Amino acid sequence: MTESPHILAEFSMAPLDKGTSLSPYVAKILNIIGKSGLDYELHAMGTLLEGPWDEVMATMKQCHQLLEQESERISTTIKIDYRRDATDRIAGKVKSVEQRLGRQLQSKRSK
């Protein structure tokens, strides 16, 4: 059996019947992601996951199943970047752009 391809996936899931503040549901999803062992990064509009295709997909499925227990309607957006020859892309993609700029990118979080 061949090894599952390595991917970078950006996704967001939102229960549409829970009002405007979704942070309690994001926190529950992040618990699942944290237990997965995958590299991840939460940002203001979603989460990046990095790892083998099958593990990333299984983790997103677990997140969806959790929300199914608490919501009648869920909106999910997924964007996948497959690259055969690269890993550590969550940090690596940003570092590559910073090298081309000759400076670090500004972040409000770092201030």
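Any read-out appearing in this document is the output of simple, stated calculations on the displayed coordinates, not a laboratory observation. In this text the structure is predicted, and so the values were computed from the model without any measurement. As a convention, Cβ positions derive from the backbone with ideal geometry for all residues, glycine included, and neighbour counts pool all protein chains shown.
Here are a few things to note about the model shown:
- For Met45, Met13, Met57, order by how many other beta-carbon atoms lie within 10 Å, fewest first: Met45, Met57, Met13
- Residue with peak Gaussian network fluctuation, the chain [Cα springs, cutoff 10 Å], from Leu49, Leu67, Leu22: Leu22
- GNM top mover of Glu98, Glu50, Glu70 - the chain, alpha-carbon springs below 10 Å: Glu98
- Expected-Rg normalisation [2.2 N^0.38 Å, Cα atoms] applied to the range 6-86: 1.07
- Here the Gaussian network model covers the chain, with springs between Cα atoms less than 10 Å apart; of Gly37, Gly19, Gly92, Gly19 fluctuates the most.
- Pairs of Lys residues in the chain, spaced 8 or more positions apart or belonging to different chains, with C-alpha separations under 23 angstrom: 13 in total.
- Each of Met57, Gln104, Tyr25 was scored by the projection of its Cα onto the charge dipole of the chain, and the greatest displacement toward the positive side belongs to Gln104; charges sit on the C-beta of Lys, Arg, Asp and Glu.
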